[in-house]
Structure formats: structure tokens, C-alpha cells
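Below is one structure, written out as C-alpha cells; comments come after it.
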Amino acid sequence: MVIISIFLVLSLFVYWFWHLKSLWTGKHRRLFALLTIVVFLLTLVPRSSVFFFWLSAIEIIWFAIYLQMSLVSDLGLIAYRLIKRPKLHPTFLPRFLRLVFAASWAVTAVFFSYGVWNNLNYRLHDVEIGVPGLEEEFKVAFFTDIHFSAGFPESKLKRLISDIDSIAPQAVFFGGDVADASDTYLNSKGIDTLFQKIKAPQGFFGVIGNHEGYLMRSGYDFVVWMNQNGMLTLLDSTSCNELFCVSGRLDHQYASHLGKTRMPLDYLSIEVAKQGEKKRPWIVLDHQPKGLEGEKPRIMPDLVISGHTHAGQFFPGNIIIDWIWPLSHGLGYLDGVLWFVSSGIHTWGPPVRVLTHSELVIFNFRGKR
């Protein structure tokens, strides 16, 4: 799989190099193409800089659009030449490729502008969960994949805090991937102080995601940061109160980095089994929606909540993601368990959403026969 991925990436860059050098007819065209690719790669190096964050975001979107437009135009040109068999002037191909190049930047401007606005203005997503035997209804606010970084808009976090206050849930859940920058950087921007304002009567519970695993390799322990700033981080553990029991599973990447094996659901359900006769829903937070992965627990969760997929984030990712994940967004069943996958409150990489939405999810738990 790794060899195939490397081959595909190299093929992609060879194709891109050919397109870029074909834009010009001079003797320095290969140098121009190579410098363009080098500059593109250098801007992708993570930095705590707002300027470089937005520069890399624009370039990533343009790169994706340019490749798509190049592929479509190349296939169209090949089909045209096979059918019509016209004689093309020697300068036709460079002019045609320059037109595609210019058009890709025009499309990028529209795509990026709309996508940034759409991501910033997240929606409220109400979901009703019926639980047999539930005596007391309650409400939970859930967000995931916030990815704090150099370009994260403070206004979005302030709106999130305000919306949670106005919704007045009994509890708040977080599904993982809290940051893509160091905790020192977040604290210098006051994100820690704002994050502490997220509160709920029955608690603020969360899990870690794969990005916390990546950051741990760089020496940043975000479990400490999350716990210091108002969240009870559940690491293969369960917490119960008068309304519900909630368990948090270790993310696969995080567990791999620690050299640990994730605890089975039967272990997490021990506290649930102690709760007596009153029906308390058992909710499990698991960052990646991989299903039960062969587990057959004695007690099934009433609901599992995940994030990670971003619902594909922007076109054509929203189509591709459905091929990768059996449940990429919304409410459904995985291995016979009711499962909800959120598209996330924010994005990874470019802060752009096209044909998907950022969301704050409100779960309404009600009794049902």
C-alpha cells in the first residue's frame, strides 16, 4: 500500500511538472516548472505564521483545482484529436495550457472565497436519539475536529462558546483533533482562556484524535492541555452521572505512539453495568468511525459518536470519502451499533468547505418504547 501511494504521488508530480514546463517555449521552462514545485512544497512546511498559513491554503486549493482542470482538459483534447484528427498549429498546445492555467486561478478565487465563508459560518445540526426506557430527557452539544492553528479565527471560537451557552445543554462532548499547532502558541493567542469558557452542568468530556498522536511525536502533550482547560479527557475510561455514562476510546494513532492496545468495550462497560435499575444511556466517543473492529461486547452502546472524516471537506473529497468510510457523515449503523459521524466544527489544512458544512451537533436524548 505504501509503495502504491508513493508511486501515485510521484506520478502526480511528474504530470504536474510536464504541464508547467509546457506553458512556455523558452530554454528555461524546466527550471520555471521545477521552481514552482519547490516553492509550493516549501510553503507547506508547518509554521506558526498566519501569512504562511493562508498562502499554503490558497496554493493547496489551486493545486487541487489545477490538477482536476488539467486532467479534464487533457482528456477532452485527446478525444477531440482522435475524433476530428485536426492539424494543430505548433503554438496551439502552449496557448491552450496557458488558458487552463489562467482559468484555474479564476476558479480558485471563487472556490476559495466561498469555501472560507462557508466554513466560518458553521450550522447547528439537531439529532434526536431515542433510548428505550429513558426516564429523563437531556441535551448534549457535540463538536469535533476544531484544529486550532495559526489561521484559526477567534470569532468562530467565540461564536461556539456563545451558541453552547444559548443551547444550554446538560453536557458538552468533544470528538478529538484539538490542534495543529503547539500548546505554547495557542496559549500566546489566548485560546486556552477562551476554551475554558465552555461549560455544562454535567461536564465537558472529550477524547483525543490522531492529530494529538502526531503532536505527541513532536513533544506536545495535548491531553494535559485539554485537562488544564476545562475538559475531562477520557483515555479508555468511563464516567457516569445521574443522566448518562460516557466512555472515551484511545485513538488508534495515539495508542500506536504509546505502544498500547485499545481497551475493549467490555472493559469500558464495567462502570455502566454498576449503575443499577435506572436506565442511563451509554455513549461512546471514538474519534475514527471504524466500527467495532471484530469486538462483540456483552453490552452494546446506545450511541457511538465520531469525527475525523470532515465529510470530505471540499469537492471532490466529499465524493471520495464515501469510498473510504462506510459511514462518512451523519447518523447510521456500523456493526449493528447506532453511530453518528460529524463533519467537524472546522477543517484540516485549508479552511475551506465546498459541498460540505462545518457543524455544531445538538443531541436530544428522549425515551422511546
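The values are calculated or read from the model by the stated rules, or taken from the named source; none is laboratory data. Just so it is clear, the model here is predicted, and its values are computed rather than measured. Neighbour counts are summed over all protein chains in view; Cβ atoms, including those assigned to glycine, are modelled from backbone coordinates with ideal geometry.
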Within region 112-134, the residues that are touching a residue at least 60 places away in the same chain (Cβ under 8 Å) and over 25 Å from Val341 (Cβ atoms) are Phe112, Gly133
Selection over region 219-276 where residues are among the β-branched types (Val, Ile, Thr) and touching a residue at least 60 places away in the same chain (Cβ under 8 Å) yields a count of 1
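Could you check region 72-91 and list, in sequence order, the residues that are part of a helix (DSSP H, G or I) and free of Cβ contacts under 8 Å to residues at least 24 places away in the same chain?
Our first condition is that a residue be part of a helix (DSSP H, G or I); within region 72-91, this holds for 72-84.
Selection gives Val72, Asp74, Leu75, Gly76, Leu77, Ile78, Ala79, Tyr80, Arg81, Leu82, Ile83, Lys84.
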Meets criteria (in contact with a Leu (Cβ under 7 Å, 6 or more places away or on another chain), surrounded by 11 or more Cβ atoms within 10 Å (Cβ to Cβ) and modelled with pLDDT of 90 or more) for Phe101: yes
Suppose we keep only residues that are charged (D, E, K, R) and more than 18 Å from Val304 (Cβ to Cβ) within region 257-277. Which one would you say is farthest from the chain's Cα centre (by Cα)? Glu277
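Considering only region 151-181, state which residues are buried (at least 19 other Cβ atoms within 10 Å of the Cβ) and either in contact with a helix residue (DSSP H, G or I) (Cβ under 8 Å, 6 or more places away or on another chain) or in a strand (DSSP E or B) (or both).
First, the residues of region 151-181 that are buried (at least 19 other Cβ atoms within 10 Å of the Cβ): 151-152, 157, 160, 164, 169-181.
Of everything in region 151-181, those that are buried (at least 19 other Cβ atoms within 10 Å of the Cβ) and either in contact with a helix residue (DSSP H, G or I) (Cβ under 8 Å, 6 or more places away or on another chain) or in a strand (DSSP E or B) (or both) turn out to be Gly151, Phe152, Leu157, Ala171, Val172, Phe173, Phe174, Gly176, Asp177, Val178, Ala179, Asp180.
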Can you pull out the residues in region 217-263 that are under 18 Å from Ala179 (Cα atoms) and part of a strand (DSSP E or B)? Leu232, Thr233
With within 25 Å of Gly312 (Cα to Cα), of a type outside the set (Asp, Glu) and surrounded by fewer than 12 Cβ atoms within 10 Å (Cβ to Cβ) as the only criterion, which of Val50, Val38, Val107, Val45 stands out? Val45
Can you name the residue in region 244-271 that is buried (at least 22 other Cβ atoms within 10 Å of the Cβ) and out of contact with any Leu (no Cβ under 8 Å at 6 or more places or on another chain) and is also nearest to Tyr214 (Cα to Cα) among such residues? Tyr254
Return the residues of region 132-149 that are assigned to a loop (DSSP other than H, G, I, E, B) and buried (at least 18 other Cβ atoms within 10 Å of the Cβ); say none if nothing qualifies. Leu134, Thr144, Asp145, Ile146, His147, Ser149
Go through region 282-302 and give me each residue that's under 22 Å from Phe142 (Cα atoms), over 20 Å from the mean Cα position of the chain (by Cα) and surrounded by fewer than 22 Cβ atoms within 10 Å (Cβ to Cβ). Leu292, Met300
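Regarding Thr43, is this residue over 18 Å from Arg98 (Cβ atoms) and outside the structural domain of Tyr214 (by TED's automatic domain parsing)?
Numbers: over 18 Å from Arg98 (Cβ atoms): yes; outside the structural domain of Tyr214 (by TED's automatic domain parsing): yes.
Yes.
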